[in-house]
Each structure stands twice: as structure tokens, then as C-alpha cells.
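**Q** If you scroll down you'll find the structure; I have some questions about it.
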Amino acid sequence: MAYATAMDALGDATRRQIMERLRGGPRPVGELAAELPVSRPAVSQHLRVLKEAGLVTERKDGTRRIYGVEPKAIADLRAYFDSFWEQALAGFRAAAESERRNT
Amino acid sequence: MSNTQAAIAPVHKTMVVACSPERAFEVFTRELGTWWPLGMYSIGGDRITEVVFEEHVGGRIFERHDDGGEGEWGRVLAWEPPARFVMTWYPGHDSSQATELEVRFAAEDDGTRVDLEHRGWEILAERAQEARSGYDAGWGDVLGHYTRLLTRV
């Protein structure tokens with residue numbers, strides 16, 4: 001499932017910081033690195049992981065690479081809840097159809 | 001990249017349960033903690049002692065933890081027992097990250113038809129691309145939270 005990969009990728013604090021900094025719109029890697037307490041190669045490596053997880057998109061602007069948030073990741077969250085409700089409602093049915101009296 | 005987001009379809013679930021709408025409504029709200037898969041979806045996991053559903057518009061839905069802490073899931077937007085309720089949904093996050101949950105209950109044959117709609121996913125995408133300084137609960141935080149949830153399963 002795509003969401004699981006995305007969530008694994010976001011288990012890292014630096015990658016979460018990168019995602020938060022992309023919330024304002026797409027940005028080049030150098031700009032991101034300037035705001036983070038890690039080296040530029042490290043930021044690039046984190047961006048690569050985020051991209052492979054489907055969380056960010058990359059485009060080239062001359063020699064620069066610009067990274068932005070991939071809205072599809074939101075759709076994956078939705079898909080997660082779709083399957084979650086299936087299971088949760090099975091529990092609801094069992095409880096609603098039980099003979100237990102109101103308290 | 002464009003800032004416009006295509007609408008993200010709501011999650012719809014429907015089922016018929018063998019009990020009255022009154023009972024179905026009560027189980028879904030007041031007795032939520034008895035059937036909710038807390039191990040699969042919650043903030044506090046095994047630290048939870050109960051789930052409280054305040055039964056009025058503006059009421060809170062939250063977990064109580066064994067250390068006295070709480071974890072809020074959302075607030076009641078519409079409270080119409082036994083026909084329906086609507087609540088915001090933002091477990092562990094700021095209310096600006098809220099999606100919306102509506103559950104409707106209607107008598108059908110000898111039972112009750114339950115229609116669930118979980119909607120408003122666009123807000124997460126909008127927040128993801130919104131430039132707004134001083135706003136801490138970011139998008140990565142939302143997903144990071146789910147990471148913690150899932151790694152517990």
C-alpha cells in the first residue's frame with residue numbers, strides 16, 4: 001500500500017521538517033538546506049526518499065531541482081481510512097446487535 | 001505546480017444492522033469506546049482508559065489516558081439523535097487539520113440503515129500548500145502521526 005511507504009518515510013524527523021517547509025509551495029533544494037541543520041547532500045538524500053515514497057514531486061528548472069508536495073499522498077490517506085472504516089464498522093455491528101442493555 | 005486541488009471523493013460506507021436507530025445511534029456515540037479498534041486507530045494506544053463522547057453540539061470526542069492526559073479526536077457539529085450526527089475529525093492535531101465525519105441512522109425493515117461519510121480531505125491538501133507563517137502543525141506532522149499509529153499495529 002502506498003500510504004504505508006509514505007508513513008515509513010515520514011518516520012524521520014528531518015523528512016517531516018522538509019515536508020513542513022514545502023507546505024508553502026515548491027522550493028529548490030539549496031533553499032531547504034539553508035534552513036535545516038543538516039548538509040545539502042543529506043537534504044538531497046532525504047528528498048530522494050520522500051520522492052520514492054510518492055510524497056514529493058521533482059522538476060528541473062535549469063540546473064536547479066525544485067521539490068513540491070504531491071497531493072496524491074492525501075488520496076492515499078483517504079484510501080487508508082476507507083479500509084479502516086470497513087473494519088471498524090464490523091466491530092460496530094457486533095456491538096449494536098448484541099443483547100446488552102443500555103446503561 | 002498548480003495550487004488547485006481536484007476534489008477528493010468522500011469515503012462512503014453503508015450497512016444495515018439488526019437493532020433500532022436509537023440503539024445504533026447510542027452504540028456509535030455514547031458507547032464508542034466499547035467497539036472502536038483503539039489498537040488500530042487512536043492516539044494513546046494502550047494508555048487509553050476510556051473514550052468520551054460529549055453529546056451536544058460543540059461537545060468534544062476525546063480519549064482519556066492513564067496518566068491523566070487526553071487526546072482529542074474532534075467536536076460535534078450536528079447532534080440529532082437518533083437520525084444523525086456530524087463531527088470534525090482531527091485526532092491528535094490542530095482543528096485546522098479537520099476532516100469531517102457524518103453518520104446517519106434510518107429505520108429500514110426490522111433494522112437500521114447506517115450511512116457513514118468521511119469527507120473534506122481537500123483541507124489537508126490545501127494546508128499542504130498554504131503559505132502561512134507561525135503555523136506549526138504541518139502536513140508532515142499529520143502523516144507522522146499516522147506513522148506512529150500504524151507501527152503500533
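The values are calculated or read from the model by the stated rules, or taken from the named source; none is laboratory data. Keep in mind that this is a model prediction, so the values were computed, not measured. With ideal geometry, Cβ positions are generated from the backbone for all residues, glycine too; neighbour counts draw on all protein chains shown. Note: areas computed on protein heavy atoms with side chains; ligands, DNA, RNA excluded. Shrake-Rupley method; radii C 1.70, N 1.55, O 1.52, S 1.80 Å.
**Q** Do any strands (runs of 3 or more DSSP E) entirely within segment B:21-98 hold 3 or more residues that are within 24 Å of residue B:122 (Cα to Cα) and open to solvent by less than 30 Å² (accessible area, probe 1.4 Å), and if so, which?
**A** Filter on segment B:21-98 gives B:70-80, B:84-89.
**Q** Right, residue A:93: within 7 Å of chain B (Cβ to nearest Cβ), open to solvent by 60 Å² or more (accessible area, probe 1.4 Å) and out of contact with any Gly (no Cβ under 9 Å at 6 or more places or on another chain) or not?
**A** yes
Per-residue answers, yes or no, for (1) at pLDDT 95 or above; (2) closer than 15 Å to residue A:88 by Cβ:
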| position | (1), (2) |
| --- | --- |
| B:2 | no, no |
| B:9 | no, no |
| B:34 | no, yes |
| B:57 | yes, no |
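**Q** Moving to a separate point now. With the structure loaded, tell me whether residue A:58 is over 24 Å from residue B:89 (Cα atoms) and either within 8 Å of chain B (Cβ to nearest Cβ) or open to solvent by 40 Å² or more (accessible area, probe 1.4 Å) (or both) or whether it fails that test.
**A** Yes; evaluated as a whole, the condition is true for this residue.
**Q** Could you identify the single residue in B:113, B:104 that is within 24 Å of residue A:93 (Cβ to Cβ), in a strand (DSSP E or B) and away from every other protein chain (no Cβ under 13 Å)?
**A** B:104
**Q** Looking at B:68, B:45, B:39, can you tell me which residue is at positive phi and either touching a residue at least 40 places away in the same chain (Cβ under 8 Å) or at the interface with chain A (Cβ under 10 Å from one of its Cβ atoms) (or both)?
**A** The unique qualifying residue is B:45.
**Q** Starting from segment A:8-23, take each residue that is in a loop (DSSP other than H, G, I, E, B) and list its partners that are polar (S, T, N, Q), counting only C-beta distances under 8 angstrom and pairs at least six apart or across chains.
**A** The qualifying pairs are A:10/B:147; A:11/B:147; A:11/B:151; A:23/B:129.
Table: residues versus (1) closer than 25 Å to residue B:9 by Cα; (2) out of contact with any strand residue (DSSP E or B) (no Cβ under 7 Å at 6 or more places or on another chain); (3) open to solvent by 70 Å² or more (accessible area, probe 1.4 Å).
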| position | (1), (2), (3) |
| --- | --- |
| A:24 | yes, yes, no |
| A:31 | no, yes, yes |
| A:43 | no, yes, no |
| A:46 | no, yes, no |
| A:54 | yes, yes, no |
| A:64 | no, no, yes |
| A:81 | yes, no, no |
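**Q** What number of residues in segment B:6-20 are more than 8 Å from chain A (Cβ to nearest Cβ) and either in contact with a Lys or Arg (Cβ under 7 Å, 6 or more places away or on another chain) or not in a loop (DSSP other than H, G, I, E, B) (or both)?
**A** Looking only at that region, the number is 4.
**Q** Among the residues of segment A:61-81, what is the count of those that are touching a residue at least 12 places away in the same chain (Cβ under 8 Å) and more than 13 Å from every other protein chain (Cβ to nearest Cβ)?
**A** Total satisfying the criteria: 2.
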